[in-house]
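> Below is a structure I'd like to ask you about.
The values are calculated or read from the model by the stated rules, or taken from the named source; none is laboratory data. All figures in this text were calculated on a predicted structure; none of them were measured in a lab. Note that we place each Cβ from the backbone using ideal geometry, even for glycine, and neighbour counts take in every protein chain shown.
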Amino acid sequence: MKLHTFTTLFLIFSLTFSFAQKDVKIEGTVIEQDTNIPLEYATVVVKSNTDNNIVTGGITDAKGKFKVEVPEGTYVISVEYISYKTKTFPAQNITKDTNLGTISLALDVDTLDEVMVVAEQTTVEIKLDKKVYNIGKDLTTAGGTVSDALNNVPSVAVDVEGAISLRGNENVRILINGKPSAMAGFGDSNILSQLPAEAIERVEVITSPSARYDAEGTAGILNIILRQKETLGFNGSVSLTAGHPDNIGLSANLNYRTEKFNLFSNFGWRYFDAPRNSFNDVTYFDREEDGTIVEPDYRRIRETQEVERLNRNYNANLGMEYFLSESSSITGSIFYRLGSDADLSLNNSERFIDGVIVEETLRREKETQDDNSYQIALNYEKRFGDDSDHKLTVDFQFEDDTQEGFTNLNEDYIFINTNNPTDFQIEQEFTDEDNKEYLFQADYVLPLGENSRFEAGFRSNLENEVTDYRLIQEDTLTGFLEVNDTLTNKFDYDENVNAIYTQYGTKLGKFSFLLGLRLEHTQLKGKIDSRLTDEELVEAFGFPIETDFDNNYLGLFPTVNLIYNLSGTESGNEESITLGYNRRINRPRGWFINPFPSRSSRTNVFQGNPNIEPAFSSAFDLGYLKRWDDFTLTTSVYYQHETDSFERVEENTGQQTTDGIDIIRTIPINLSSNKRTGAELGVLYNPAKWLRLNSSVNVFQFETDGEFNGVDYSTKNTSWFARFSSKVTLPGQIDWQTNARYRGAQQDAQSDTDGILSIDLAFSKELLENNLTVSLSVRDLLNSRKRQSTTTTEFFERYSENQWRQRQVNISLIYRFNQSLNKRVNQQRNANGGGGDDMEFEG
């Protein structure tokens with residue numbers, strides 16, 4: 001879609017808006033009676049005086065102000081806030097703009113003990129550019145991690161290795177509170193498996209991101225919003241978890257708020273053992289070399305691996321928001337994480353010739369890794385005038401992550417049928433990584449009239465990563481350990497992204513739209529310090545390696561988001577249609593670019609490709625929402641076309657280990673195109689107070705077209721995944737929750753992967769006047785969460801099984817104190833029906 005098309009649409013919409021009829025306004029300010037403090041998220045309900053049906057509603061902003069529009073008529077107006085007495089205005093004839101003035105609400109002491117801090121159920125809100133899932137009281141994630149919670153969000157899946165995908169696409173951008181963060185592990189989603197699930201307030205699934213967001217991530221964006229308490233005084237929660245296999249965790253969320261500042265913190269410690277196991281059965285084919293058929297030294301190799309993974313990590317987040325004035329504030333925070341991992345792998349390998357075992361070995365691999373990271377963040381916000389939406393925000397972040405890894409590998413024979421076998425080398429790997437990232441961002445929002453908004457901003461994201469890799473191997477003749485000059489290297493990599501954007505949105509009665517345009521410049525720059533010259537590298541690897549490169553890309557990314565509210569919010573019902581278009585980019589990460597081979601084992605290497613180009617995609621999304629009193633239906637169909645899409649292919653390098661095993665290389669390449677089409681359906685159903693049901697299903701087809709080194713990697717595959725969750729309240733006020741997930745079989749250019757079924761169970765009980773929650777959960781009840789796949793190339797066929805984490809049983813205690821007056825309770829946020837045509841454009 002070209003730029004002049006957007007200009008035409010903009011003019012048409014603006015002219016339409018200028019002739020649209022305006023309703024009369026009702027506004028006012030809601031405060032707490034005893035302290036005169038504004039109440040944010042108070043609910044305003046306007047009902048018809050004739051049939052008592054809800055006509056419209058709204059919520060107050062951070063200054064306690066609200067503004068709703070209604071046709072001229074007679075209405076009953078009520079103002080509600082959880083734990084406060086409702087104030088109702090008798091029938092009033094509204095014929096012109098009306099200001100109700102300052103409305104004071106008094107505490108309702110009788111209801112304080114009944115307030116729950118976390119919503120009982122997960123609810124969904126449809127915004128112009130995203131779906132917002134307010135995380136409910138999910139029992140199966142009690143004592144779990146952020147990754148566990150994400151696995152229960154519709155459209156999102158977390159596989160057995162911790163990789164996160166959105167609608168089956170793993171190229172998803174992870175943000176924390178709207179920004180890249182060290183909490184998300186510098187793009188490594190495995191870090192999310194170390195953060196407690198209780199920290200999440202809501203997850204924004206952004207399949208059609210507006211121009212405000214970074215264009216990275218062809219699948220879209222997952223924005224994880226962390227809980228922040230805004231209750232006056234000191235309050236918080238403490239949680240303790242114990243489980244099997246070994247899983248011990250302690251975390252605390254503490255908050256202290258006054259009228260002048262808000263001090264917030266989160267502390268956590270976790271120790272756990274996550275044993276995994278895998279099985280590989282590889283059959284090697286004959287290959288042709290210079291017109292001669294060459295048989296492999298071993299026709300078949302079968303490996304069984306068991307890994308003990310001990311993890312210890314600490315994290316702390318401490319920050320303060322200081323209110324400089326009624327219209328401005330500054331927030332500073334520091335996040336720190338210290339991790340220490342120790343893995344012990346035992347790999348039993350059986351080697352066959354003509355169906356007979358000729359050799360059996362046991363390989364021991366001991367790996368340790370220490371991770372030390374911190375993030376410093378500053379935010380300044382300035383609001384202009386009485387409209388809280390007219391504001392300027394400025395952000396600065398600095399992140400530093402250092403990792404030190406050591407691996408010791410040795411292999412011994414258990415059985416061999418030949419004399420004088422070749423000795424295995426003792427190997428030691430040392431890897432030091434230093435990652436630094438700077439973020440500068442400024443966003444300006446200007447309301448235009450009652451229902452329109454203009455926004456513009458700038459973002460600069462500068463990242464430097466230095467990887468120092470050293471391989472030491474034993475000289476089997478002398479027994480001395482020597483540096484392998486061929487593989488030892490230092491890789492200095494920069495990824496710099498600078499962007500400007502602008503967007504405009506408006507609401508025309510039941511119709512709203514948001515148009516945006518983002519311009520991004522990307523620099524991917526790398527330099528390799530090797531012990532070998534360029535000529536020696538070609539001689540060692542058989543192909544040239546680019547040791548110094550500087551690639552620059554300029555991209556223009558338009559976005560269009562439309563929403564039409566079909567029925568309004570009468571009688572609590574809601575119906576809306578959304579349509580989105582966006583262009584996105586998938587930038588190759590550092591390890592995809594680093595051309596120096598890195599080894600996952602003696603027989604497998606991964607080599608980055610410095611010539612790999614970014615992939616670009618265009619995506620369309622059409623959604624529908626229908627909400628009744630106790631039933632919510634969401635559906636969507638989507639289409640994405642990606643050019644120069646990434647694909648990892650496996651090749652035989654032509655080289656062998658000292659004992660004659662072929663060495664296989666995996667390398668990422670650009671294939672010509674990738675088309676993805678899909679549809680999803682989600683339902684939330686609460687037929688009774690004691691029963692809640694939640695289910696979703698996603699069916700998608702992807703088609704890849706391209707070839708590499710004369711091999712055609714084109715493929716077409718249809719797959720699906722579904723989830724079901726039920727929550728039942730048993731006698732004795734015991735809650736029972738069941739979660740089931742199934743990911744259908746799928747294919748890519750070289751592999752076929754079987755479907756995976758996983759079931760979780762959980763039980764919980766509230767004690768001590770609902771201040772203490774005791775939960776018992778079982779994850780992967782059937783111990784069936786295993787990836788089984790078959791990979792076929794012209795050189796070999798491999799069947800593999802991989803179980804990343806075994807069945808786990810946890811018991812969790814969560815104690816809350818002084819949280820009964822929490823101003824961000826999810827029930828209140830959703831009391832007005834979620835806002836199908838909500839003009840919330842912010843990221």
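> Out of the residues in segment 564-574 meeting the condition of being at pLDDT 75 or above and buried (at least 18 other Cβ atoms within 10 Å of the Cβ), tell me which one is nearest to Gly516 (Cα to Cα).
Of everything passing the filter in segment 564-574, Asn565 is nearest to Gly516 (Cα to Cα).
> Examine segment 720-730 for a residue that is closer than 30 Å to Thr653 by Cβ and either in contact with a Ser or Thr (Cβ under 8 Å, 6 or more places away or on another chain) or of a type in the set (Phe, Trp, Tyr) (or both), and state whether such a residue exists.
The answer is no; no qualifying residue exists.
> Here's a check for you: in segment 376-428, which residue that is out of contact with any His (no Cβ under 8 Å at 6 or more places or on another chain) and among the aromatic types (Phe, Trp, Tyr) is surrounded by the most Cβ atoms within 10 Å (Cβ to Cβ)?
Restricting to residues being out of contact with any His (no Cβ under 8 Å at 6 or more places or on another chain) and among the aromatic types (Phe, Trp, Tyr), the top hit is Phe424.
> Check every one of the strands (runs of 3 or more DSSP E) wholly within segment 41-127 and list those with 1 or more residues that are modelled with pLDDT under 80.
Here the list reads 54-59, 123-126.
> Let me ask you something else. Residue under question is Glu437, and the condition is that it be within 30 Å of Glu381 (Cα to Cα) and surrounded by fewer than 17 Cβ atoms within 10 Å (Cβ to Cβ); does it hold?
Spelling it out, it is not the case that Glu437 is within 30 Å of Glu381 (Cα to Cα) and surrounded by fewer than 17 Cβ atoms within 10 Å (Cβ to Cβ).
> Hey, another quick one. Looking at this structure, is Leu139 surrounded by fewer than 17 Cβ atoms within 10 Å (Cβ to Cβ), closer than 30 Å to Asn253 by Cβ and at pLDDT below 85?
Taking the combined requirement at face value, the residue does not satisfy it.
> Can you name the number of the only condition in (1) more than 21 Å from the chain's Cα centre (by Cα); (2) free of Cβ contacts under 8 Å to residues at least 60 places away in the same chain that Val699 fails?
In the conditions (1) more than 21 Å from the chain's Cα centre (by Cα); (2) free of Cβ contacts under 8 Å to residues at least 60 places away in the same chain, Val699 misses (1) alone.
> Working carefully through the options Thr653, Thr704, Thr718, find the one that is within 30 Å of Phe285 (Cβ to Cβ) and touching a Lys or Arg at 6+ places or on another chain (Cβ under 6 Å).
Sole residue among the options that is within 30 Å of Phe285 (Cβ to Cβ) and touching a Lys or Arg at 6+ places or on another chain (Cβ under 6 Å): Thr653.
> Arg648 versus (1) modelled with pLDDT under 85; (2) crowded, with 16+ Cβ neighbours inside 10 Å; (3) under 25 Å from Val158 (Cα atoms): which is the lone unmet condition?
(2)
Residue by residue, here is whether (1) in contact with a Phe, Trp or Tyr (Cβ under 9 Å, 6 or more places away or on another chain); (2) crowded, with 18+ Cβ neighbours inside 10 Å holds:
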site	(1), (2)
Gly233	yes, no
Phe264	yes, yes
Tyr271	no, no
Glu289	no, no
Leu310	yes, no
Asn313	yes, yes
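Yes/no matrix, rows are residues, columns are (1) modelled with pLDDT under 90; (2) under 30 Å from Glu411 (Cβ atoms); (3) touching a strand residue (DSSP E or B) at 6+ places or on another chain (Cβ under 8 Å):
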residue	(1), (2), (3)
Thr632	yes, no, yes
Thr635	no, no, yes
Thr666	yes, yes, yes
Ile669	yes, no, yes
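> Hey, can you tell me all the residues within segment 716-766 that are free of Cβ contacts under 8 Å to residues at least 40 places away in the same chain, more than 27 Å from Ser239 (Cα to Cα) and in contact with an Asp or Glu (Cβ under 8 Å, 6 or more places away or on another chain)?
Across segment 716-766, the qualifying residues are Lys716, Asn717, Ala745.
> Okay, next question. For segment 796-843, enumerate the residues that are at pLDDT 85 or above and surrounded by fewer than 19 Cβ atoms within 10 Å (Cβ to Cβ).
Glu797, Tyr799, Ser800, Glu801, Asn802, Gln806, Arg807, Val809, Ile811, Leu813, Tyr815
> I would also like to ask the following. Looking for something of a type in the set (Gly, Ala, Ser), modelled with pLDDT of 75 or more and under 21 Å from Leu471 (Cβ atoms) - is there at least one such residue anywhere in segment 598-618?
Yes, segment 598-618 contains a residue that is of a type in the set (Gly, Ala, Ser), modelled with pLDDT of 75 or more and under 21 Å from Leu471 (Cβ atoms).
> Test Asp443 against the criterion of being crowded, with 17+ Cβ neighbours inside 10 Å, under 23 Å from Ile376 (Cα atoms) and within 28 Å of the chain's Cα centre (by Cα), and give yes or no.
yes
> Next question. When you scan segment 437-551 for strands (runs of 3 or more DSSP E) that lie fully inside it, which ones turn up with 1 or more residues that are basic (Lys, Arg)?
452-474, 489-508, 511-530
> Now a separate question. Among the listed residues Asn694, Asn686, identify the single one that is in contact with a Lys or Arg (Cβ under 7 Å, 6 or more places away or on another chain) and assigned to a strand (DSSP E or B).
Selected residue: Asn686, the only one of Asn694, Asn686 that is in contact with a Lys or Arg (Cβ under 7 Å, 6 or more places away or on another chain) and assigned to a strand (DSSP E or B).
> Need at least 3 residues that are in contact with a His (Cβ under 9 Å, 6 or more places away or on another chain) per element, so show me which strands (runs of 3 or more DSSP E) inside segment 740-822 make the cut, counting only ones lying wholly within it.
The strands (runs of 3 or more DSSP E) meeting that bar are 808-817.
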